[in-house]
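*Asks:* Could you have a look at this structure, given as C-alpha coordinates, before my questions?
The values are calculated or read from the model by the stated rules, or taken from the named source; none is laboratory data. Only a predicted model underlies this, so the values are computations on that prediction, with no experimental measurement involved. We place every Cβ from the backbone using ideal geometry, glycine too, and count neighbours over all the protein chains shown.
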(Lines give C-alpha, C1' and ligand atoms only; values in the text may rest on other atoms or scores of the structure.)
Protein backbone atom coordinates (compact mmCIF):
# COMPACT_ATOMS: atom_id res chain seq x y z
CA UNK A 1 0.00 0.00 0.00
CA UNK A 2 1.37 3.40 -0.91
CA UNK A 3 1.63 6.06 1.78
CA UNK A 4 -0.01 5.65 5.17
CA UNK A 5 -2.92 3.21 4.72
CA UNK A 6 -4.32 4.13 8.15
CA UNK A 7 -4.62 7.85 7.46
CA UNK A 8 -8.25 8.89 7.39
CA UNK A 9 -8.98 11.25 4.50
CA UNK A 10 -10.23 14.56 5.89
CA UNK A 11 -12.05 15.56 2.71
CA UNK A 12 -14.62 12.77 3.00
CA UNK A 13 -16.17 13.77 6.34
CA UNK A 14 -17.00 17.32 7.44
CA UNK A 15 -15.59 18.59 10.74
CA UNK A 16 -17.74 17.75 13.74
CA UNK A 17 -19.82 20.71 14.95
CA UNK A 18 -20.00 21.66 18.62
CA UNK A 19 -23.69 20.75 18.89
CA UNK A 20 -23.36 17.59 16.78
CA UNK A 21 -23.86 14.06 18.01
CA UNK A 22 -21.70 11.84 15.79
CA UNK A 23 -22.23 8.10 15.38
CA UNK A 24 -19.78 5.71 13.71
CA UNK A 25 -21.41 2.49 12.48
CA UNK A 26 -19.12 -0.42 11.60
CA UNK A 27 -19.49 -3.63 9.64
CA UNK A 28 -16.13 -5.06 10.64
CA UNK A 29 -14.35 -7.93 8.92
CA UNK A 30 -10.75 -9.02 8.42
CA UNK A 31 -10.82 -8.35 4.66
CA UNK A 32 -13.10 -5.34 4.15
CA UNK A 33 -14.55 -3.19 6.93
CA UNK A 34 -17.49 -0.97 6.03
CA UNK A 35 -18.33 2.20 7.92
CA UNK A 36 -20.94 4.94 7.98
CA UNK A 37 -20.86 8.24 9.88
CA UNK A 38 -23.95 10.10 10.99
CA UNK A 39 -24.22 13.62 12.40
CA UNK A 40 -27.54 14.13 14.18
CA UNK A 41 -29.09 11.26 12.17
CA UNK A 42 -27.81 12.61 8.83
CA UNK A 43 -25.39 10.44 6.84
CA UNK A 44 -22.19 12.48 6.35
CA UNK A 45 -19.72 9.82 5.22
CA UNK A 46 -19.33 6.17 4.37
CA UNK A 47 -16.85 3.82 2.80
CA UNK A 48 -14.65 0.80 3.30
CA UNK A 49 -11.21 -0.04 4.60
CA UNK A 50 -9.51 -2.94 2.83
CA UNK A 51 -6.74 -4.97 4.37
CA UNK A 52 -3.95 -6.72 2.50
CA UNK A 53 -5.61 -10.02 1.62
CA UNK A 54 -2.32 -11.94 1.34
CA UNK A 55 -1.42 -11.35 5.00
CA UNK A 56 -2.29 -13.76 7.83
CA UNK A 57 -5.54 -13.03 9.71
CA UNK A 58 -3.72 -11.72 12.79
CA UNK A 59 -1.90 -9.09 10.71
CA UNK A 60 -5.12 -8.08 8.92
CA UNK A 61 -6.84 -7.65 12.30
CA UNK A 62 -3.95 -5.42 13.34
CA UNK A 63 -4.43 -3.35 10.17
CA UNK A 64 -8.13 -2.90 11.03
CA UNK A 65 -7.19 -1.92 14.60
CA UNK A 66 -4.74 0.72 13.38
CA UNK A 67 -7.25 2.12 10.88
CA UNK A 68 -9.95 2.25 13.55
CA UNK A 69 -7.66 4.11 15.98
CA UNK A 70 -6.95 6.71 13.27
CA UNK A 71 -10.66 6.98 12.39
CA UNK A 72 -11.67 7.51 16.05
CA UNK A 73 -9.05 10.21 16.47
CA UNK A 74 -9.99 12.01 13.25
CA UNK A 75 -13.79 11.73 13.34
CA UNK A 76 -14.34 11.98 17.13
CA UNK A 77 -17.57 9.96 17.29
CA UNK A 78 -19.75 10.16 20.40
CA UNK A 79 -21.01 6.61 19.85
CA UNK A 80 -19.72 3.58 17.96
CA UNK A 81 -21.99 0.74 16.87
CA UNK A 82 -20.84 -2.56 15.42
CA UNK A 83 -22.77 -5.19 13.51
CA UNK A 84 -23.49 -8.21 15.69
CA UNK A 85 -22.28 -11.35 13.93
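*Asks:* Inside segment 38-85, can you point out the residues that are touching a strand residue (DSSP E or B) at 6+ places or on another chain (Cβ under 7 Å), part of a loop (DSSP other than H, G, I, E, B) and free of Cβ contacts under 8 Å to residues at least 60 places away in the same chain?
*Replies:* Hits for segment 38-85 are 77, 78, 83.
*Asks:* Another question about this same structure. Quick one: in segment 18-33, of everything that is at pLDDT 90 or above and part of a strand (DSSP E or B), which residue is surrounded by the fewest Cβ atoms within 10 Å (Cβ to Cβ)?
*Replies:* Among those that are at pLDDT 90 or above and part of a strand (DSSP E or B), it is 27.
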